[in-house]
Amino acid sequence: MFTPGERDALRTELLARARSDRRITGGALTGSASIGGEDRWSDIDLAFGVRESGQIRDVLEDFTRYMHEAGGALEHLDVLRDPWIYRVFLMPSTLQVDLAFAPASHFQARARTFKLVFGEAAEASHIADPDQRELIGYAWLYALHGRSSIARGRRWQAEYMIGLMRDQVLSLACARLGLPAREGRGTDRLPDEVTRPLEAALIGSLARGDLVRAFAAATEGLLREIRSFDEALATRLTPTLAALVESVGQTSTEVSPHC
C-alpha cells in the first residue's frame, strides 16, 4: 500500500520532468489535490498541455516508458476524450496515476478541479454540470431494460440495469442540490432524506422478489427527482414507469403517482 509521502514524491518527480520538457507548455493538478481535498486514498491526477498536437503521442510514450521502467507500473489504460488522452497507470503499491495530455490550444480546465502549477493554460470555457434531462433519459432507458431483464429471468443483467438506474437517480439529486454529480463524487454529501429511501434500491440478492423491490424503489426515487426537476414531465412519465414495475409482479413496494 502506498504512503502519502510516496505519492507526493512521485507527483513531484512527474511535474519536474514535465517542466523540463520543452514540448510541454503547462502542467496542472487535477482531482482532489487541486482543491485541497486530498486524503490517504487519493490518486495522482495531472494534466499537461503539449505545444503541438503531433507531439502528443511521443510525449505520452516518453512518460509511459518512465512510468513502467523507472516507476514500476504494472499496466496502463487509455481513456480518450478527443483531443485529450488520459493514460491511467496501476502501480504495484495500488496507487493510481492519471496523466492527461492535450494540445496547448485545448489545455484548460474541464472541471472545477484544475489548478495550474506551471506554464500556461487556455481560458476555460463554461464547465457544464451534467444535463438533468439526459440523466432522466438514461434512467428511464435503464428502467426499460431492468424490467425486461427481470421478466426474462436474466438476474445478473437485471442487477446491472437497476444499479445503473439508481446511479442516475443519485446523480440527479446531486445536480439538484449543487453537488458534484459525476462518478458518485457528491453522493456521500446528500442528505439522509434523499439517500435513505434509495437504500431499498440496493439489491440484497438475485431472488426475483429482491430484484422487483429494488426496481420499485429505484423507480420511486426517479419519479421524486423528475418531479423536483419538471412537474409536467413527471406527470407524463409516472403512469408508464409505474406500469413497468407492475408488469414484473411488484411484491411489496407500491409506486405512488404522487411520489
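The values are calculated or read from the model by the stated rules, or taken from the named source; none is laboratory data. Predicted, not measured: the structure shown is a model, and the values here were computed from it. Don't worry about glycine lacking a Cβ; one is built from the backbone with ideal geometry, like all the others, and counts go over all protein chains shown. Please note that ligands, DNA and RNA were not included when accessible areas were found on the heavy atoms of the full protein model with its side chains. Shrake-Rupley method; radii C 1.70, N 1.55, O 1.52, S 1.80 Å.
Find all pairs meeting these conditions: Cβ atoms under 7 angstrom apart; at least six residues apart or on different chains; first residue within the range 47-61 and in contact (Cβ under 8 Å) with a residue 40 or more places away in the chain; second residue assigned to a helix (DSSP H, G or I) and crowded, with 17+ Cβ neighbours inside 10 Å.
Final answer for the pair search is F48/A18; G49/A104; V50/I56; V50/V59; V50/A104; R51/A104.
Look at A200 and say whether it is touching a Lys or Arg at 6+ places or on another chain (Cβ under 8 Å) and open to solvent by 50 Å² or more (accessible area, probe 1.4 Å). Break it down stepwise before answering.
Values: touching a Lys or Arg at 6+ places or on another chain (Cβ under 8 Å): yes; open to solvent by 50 Å² or more (accessible area, probe 1.4 Å): yes.
When the stated conditions are applied, A200 passes them.
Scan the range 80-91 residue by residue and report those that are open to solvent by 60 Å² or more (accessible area, probe 1.4 Å), under 23 Å from T12 (Cβ atoms) and out of contact with any Phe, Trp or Tyr (no Cβ under 9 Å at 6 or more places or on another chain). Don't jump to the end; show me each part of the working.
Filtering the range 80-91 for residues open to solvent by 60 Å² or more (accessible area, probe 1.4 Å) gives 80-82, 86, 90.
If we keep only those that are under 23 Å from T12 (Cβ atoms) as well, we get 86, 90.
L90, the sole residue that qualifies.
May I ask you to list pairs of residues, at least six apart or on different chains, whose Cβ atoms are under 6 Å apart, with the first in the range 161-177 being farther than 17 Å from F229 by Cα and the second being surrounded by fewer than 19 Cβ atoms within 10 Å (Cβ to Cβ) and of a type outside the set (F, W, Y)?
M161/H145
For H68, which of the numbered conditions (1) open to solvent by 30 Å² or more (accessible area, probe 1.4 Å); (2) within 21 Å of F114 (Cα to Cα) fails to hold?
Looking at each condition in turn, H68 falls short on (2).
Checking V59 against (1) surrounded by 18 or more Cβ atoms within 10 Å (Cβ to Cβ); (2) outside any helix (DSSP H, G or I), only one condition comes out false. Which one?
Failed condition: (2).
Pick out the one residue from A139, A104, A143 that is over 17 Å from L211 (Cα atoms) and aliphatic (A, V, I, L, M).
Working: A139 fails: over 17 Å from L211 (Cα atoms); A143 fails: over 17 Å from L211 (Cα atoms).
Step by step, each of A139, A104, A143 is checked, and only A104 is over 17 Å from L211 (Cα atoms) and aliphatic (A, V, I, L, M).
What residue, among those in the range 168-189 that are open to solvent by 70 Å² or more (accessible area, probe 1.4 Å) and part of a helix (DSSP H, G or I), is nearest to V245 (Cα to Cα)?
So the residue we want is R176.
Would a scan of the range 40-53 turn up a residue that is β-branched (V, I, T), under 30 Å from G186 (Cβ atoms) and either buried (at least 20 other Cβ atoms within 10 Å of the Cβ) or at pLDDT below 95 (or both)?
Within the range 40-53, the first condition is being β-branched (V, I, T), and the residues that meet it are 44, 50.
Adding the requirement that they be under 30 Å from G186 (Cβ atoms) leaves 44.
Those left that are additionally either buried (at least 20 other Cβ atoms within 10 Å of the Cβ) or at pLDDT below 95 (or both): 44.
Yes: one or more hits.
Which of (1) without any contact (Cβ under 8 Å) to a residue 12 or more places away in the chain; (2) open to solvent by less than 20 Å² (accessible area, probe 1.4 Å); (3) not polar (S, T, N, Q) is the odd one out, the single condition L141 does not satisfy?
Going through (1) without any contact (Cβ under 8 Å) to a residue 12 or more places away in the chain; (2) open to solvent by less than 20 Å² (accessible area, probe 1.4 Å); (3) not polar (S, T, N, Q) one by one, L141 breaks only (2).
Hey, among R7, R23, R81, which residue is of a type outside the set (A, V, I, L, M, F, W, C) and touching a helix residue (DSSP H, G or I) at 6+ places or on another chain (Cβ under 7 Å)?
Numbers: R7 fails: touching a helix residue (DSSP H, G or I) at 6+ places or on another chain (Cβ under 7 Å); R81 fails: touching a helix residue (DSSP H, G or I) at 6+ places or on another chain (Cβ under 7 Å).
Selected residue: R23, the only one of R7, R23, R81 that is of a type outside the set (A, V, I, L, M, F, W, C) and touching a helix residue (DSSP H, G or I) at 6+ places or on another chain (Cβ under 7 Å).
Only one of (1) closer than 19 Å to S20 by Cα; (2) in contact with a helix residue (DSSP H, G or I) (Cβ under 6 Å, 6 or more places away or on another chain) fails for A73. Which number is that?
(1)
Could you pull out the residue among L15, L10, L99, L77 that is assigned to a strand (DSSP E or B), of a type in the set (A, V, I, L, M) and surrounded by 16 or more Cβ atoms within 10 Å (Cβ to Cβ)? Walk me through it before giving the result.
Working: L15 fails: assigned to a strand (DSSP E or B); L10 fails: assigned to a strand (DSSP E or B); L77 fails: surrounded by 16 or more Cβ atoms within 10 Å (Cβ to Cβ).
None of the others qualify; the one that does is L99.
Could you check I203 against (1) under 30 Å from R112 (Cβ atoms); (2) among the hydrophobic types (A, V, I, L, M, F, W, C); (3) not in a helix (DSSP H, G or I) and say which number it fails?
Every condition holds for I203 apart from (1).
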